[in-house]
Amino acid sequence: MKSTLSLAFRFASIAGIVCLPAANGQHRIRFDHDVRPILSNHCWSCHGQDESARQAGLRLDRREPAIIPSEGGSIAIVPGKPAESDMIARIYSHDPEMQMPPAAAKKQLTEQQKLILEQWIKEGAEFTSHWAYTRPVRPTLAEVKATSWPKNPIDTFVLKRLEDEQLTPSEETAPHVWLRRVTLDLTGLPPSIEELDAFEDRLTTDAKEDVYAQVVDRLLNSPRHGERMAMQWLDAARYADTNGYNNDETRTMWPWRDWVIKAFTDGMPYDQFLTEQLAGDLLPDATVSQKVATGFNRNHVLTTEGGIFEEEYHVEYVADRVHTTATVFLATSFQCARCHDHKYDPLTQKEYYQFAAFFNNVPDKVVSYNQTRMAEPLLRLPTPEQQTALDGIDSRTKDVDAELAKLATKEGADTTALMTEKAALAEQRKKLESEIPATMVMTEPVESRPIFVLKRGQYDQRGEQVTTGFPNALVSHDVSAATSKDSTINRLQLAHWLTDPAHPLTARVAVNRCWEMLFGVGIVETAEDFGIQGALPSHPELLDWLATELIQQGWDQRRILKLIVMSATYRQSSNVSAEQLQHDPRNEFLSRSPRYRLPAETVRDTALFVSSLLKEKIGGPSVKPYQPDGLWEDVSVER
């Protein structure tokens, strides 16, 4: 059952495991990198924090319960003594009654994984916090050999990893290639011939770095950049112009879409961008624009069918808001905790419903409005011209009423003309109101709607009543909003909590999304999942440096984007050598510029742009593609 240290590291080498050097010159197993993935994939479904699924009273997601005797009297982990640890005896056992994971389990441990667990216990069975749940600390720049290559701190972190892997960066790509790359990445369109000519002319007279910086500034301040950023955000926020489900009726959510485009075009700081979408209606003297921003949490599918249980669908809508908010801003899946304690991430079912309480107070009652079906609350959005016309009609109606009141005191006065005018004014107003769009927004009623832990997530199986709260694993004493014990905390406090500089996830997730947009793959490949089942960051120090830089720069995403596209890392050629393919086949170490397929929107817009057919009007109702007559007959829905 036991193995030698040399054999363990021979297997570790074969498996490609990277271990930390110990003081004695040997290597130590890293819990976060080497051990936690094994435990989470093979052990925690039965021996994790989910008490309802826990077997034999044994927990292996924390150190303390793992090193005390279990119900049977055995000790799973004896730090420093793998031979006395029941875990090691069971993972090597061939007895079906003893073997762990059970022989019938689909996921079995490999020999390498067994050796890693054994060596980890021998080294003291250290548990560490998951990297994503600790506050990002600004790292110092590492020393590198090729000091002439870095153009900014991004390159220093990348070069350090390349040098550790005995790789060298690729040569810088040609200026015209960089121009095309950066223009496509930041605007979703290629450069025009005129822009290319002007760029090359400036390179003959001005310093190269200045010319490059001027190009980036021009692109970042372009309305096209606002649309490019919105394209990514609308996908994350599940934007749609129809309600979904079988009827899939048209709805008016394009005002929120227009708000997103304008926010990016204006360079709105990310903390404000987040706050207005989660709680714009709760800001002091909230503007119409800030209320429209809360449409972020009204983009979910919406049933307009009759005969439904309204409470059932209300629960579904709230769950959608929870899942979207957690995924988009925290890159953490809360969904599993809807029915039970999360089996992998430190999130209990009670905490799930405490978080859901932030989004529970919207009535969600479906109403008809101007040939659409949407759910309350709705915000009417007259244009300035429409508002002026309404004000004029109301003013004249008031005058007519005053004249009628005067004539009412005179016997025999003729009011026929005034009554006709009043009826005409009412008809004008009704017609004008029918042309005014309305969009779904969030509101917070005076009395909160009660929320309960739902057994197995079933809408009519209520358990303990809860109030709003934050997940304990993400609460730090440094995060001011998290220290509040006020049971009335609302979405505005939630937004403040998320944008507190001490929050472990918000800034990391934001900069990772920027990186993914430019490189095709984020520093954390699973951009929507920073949890324990997600991928580890390829360059953790770089991720934390960018996260802290975003906060230091006032949450200005443009500054982060400019840093990246001006870096030597981004400017590399995408040509691939045989050596690079062998040592870095997926370009994890960033030894070259990535090659990836352009988004579908960019492909289509480019084709229209180069053929002079692209219409660049921004805003208003969405344009739908041509649909042949009879297209929807099979599903009995008219469009």
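Assorted remarks:
- Scan of the stretch 93-112 for residues that are open to solvent by less than 40 Å² (accessible area, probe 1.4 Å) and either closer than 23 Å to residue 30 by Cβ or of a type in the set (A, V, I, L, M, F, W, C) (or both), ordered by number: 101, 105, 109
- In the condition set (1) free of Cβ contacts under 8 Å to residues at least 60 places away in the same chain; (2) within 18 Å of residue 236 (Cα to Cα); (3) open to solvent by 20 Å² or more (accessible area, probe 1.4 Å), residue 367 is compliant with all but (2).
- The single condition among (1) in contact with a helix residue (DSSP H, G or I) (Cβ under 7 Å, 6 or more places away or on another chain); (2) surrounded by fewer than 22 Cβ atoms within 10 Å (Cβ to Cβ); (3) within 27 Å of residue 280 (Cβ to Cβ) that residue 498 does not satisfy is (2).
- Within the stretch 113-134, the set of residues being open to solvent by less than 20 Å² (accessible area, probe 1.4 Å) and either in contact with a Cys (Cβ under 7 Å, 6 or more places away or on another chain) or acidic (Asp, Glu) (or both) comprises just one member, 118.
- Test: residue in the stretch 328-347 that is outside any helix (DSSP H, G or I) and open to solvent by 50 Å² or more (accessible area, probe 1.4 Å): yes
- Cβ-Cβ under 7 Å pairs, at least 6 apart or on other chains, the stretch 186-207 side at negative phi, far side of a type in the set (Lys, Arg): 186/228; 187/224; 187/228; 189/224; 190/180; 191/180
A quick yes/no check of all residues on (1) open to solvent by 80 Å² or more (accessible area, probe 1.4 Å); (2) more than 30 Å from residue 500 (Cβ to Cβ); (3) in contact (Cβ under 8 Å) with a residue 60 or more places away in the chain:
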{"residue": "556", "(1), (2), (3)": "no, no, yes"}
{"residue": "560", "(1), (2), (3)": "no, no, no"}
{"residue": "575", "(1), (2), (3)": "yes, yes, yes"}
{"residue": "581", "(1), (2), (3)": "yes, yes, no"}
{"residue": "584", "(1), (2), (3)": "no, yes, yes"}
{"residue": "606", "(1), (2), (3)": "no, yes, yes"}
{"residue": "610", "(1), (2), (3)": "yes, yes, yes"}
{"residue": "613", "(1), (2), (3)": "yes, yes, no"}
{"residue": "619", "(1), (2), (3)": "no, yes, yes"}
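- Residue match in the stretch 557-568 (condition: out of contact with any Cys (no Cβ under 9 Å at 6 or more places or on another chain), under 30 Å from residue 193 (Cβ atoms), in a loop (DSSP other than H, G, I, E, B) and charged (D, E, K, R)): no
- Here 77, 38 are screened, and the one residue that is touching a residue at least 40 places away in the same chain (Cβ under 8 Å), open to solvent by less than 60 Å² (accessible area, probe 1.4 Å), out of contact with any Cys (no Cβ under 7 Å at 6 or more places or on another chain) and farther than 30 Å from residue 539 by Cβ is 77.
- Subset of the stretch 520-534 (residues that are open to solvent by 20 Å² or more (accessible area, probe 1.4 Å), under 14 Å from the mean Cα position of the chain (by Cα) and β-branched (Val, Ile, Thr)): 526
- Which numbered condition residue 227 fails, given (1) under 19 Å from the mean Cα position of the chain (by Cα); (2) among the acidic types (Asp, Glu); (3) farther than 30 Å from residue 371 by Cβ: (3)
- Cross-chain or 6+ apart pairs with Cβ under 7 Å, the stretch 333-359 first and among the β-branched types (Val, Ile, Thr), then assigned to a loop (DSSP other than H, G, I, E, B): 348/341
- Identity of the residue in the stretch 403-425, small (Gly, Ala, Ser) and at pLDDT 95 or above, that ends up surrounded by the fewest Cβ atoms within 10 Å (Cβ to Cβ): 423
- Selection count where residues are assigned to a helix (DSSP H, G or I) and either on the phi > 0 side of the Ramachandran plot or not acidic (Asp, Glu) (or both), scope the stretch 257-283: 18
- Condition met for residue 114 (in a loop (DSSP other than H, G, I, E, B) and without any contact (Cβ under 8 Å) to a residue 60 or more places away in the chain): no
- Candidate set: the stretch 270-281, residues that are over 16 Å from the mean Cα position of the chain (by Cα) and under 26 Å from residue 508 (Cα atoms); chosen: the one surrounded by the fewest Cβ atoms within 10 Å (Cβ to Cβ): 279
The values are calculated or read from the model by the stated rules, or taken from the named source; none is laboratory data. Just so you know, these numbers come straight off a predicted model, no measurement behind them. Reconstructed Cβ throughout: ideal geometry from the backbone, glycine too, with neighbour counts over all protein chains shown. Each accessible area value is taken on the protein alone, full model and side chains, heavy atoms only, with ligands, DNA and RNA left out. Shrake-Rupley method; radii C 1.70, N 1.55, O 1.52, S 1.80 Å.
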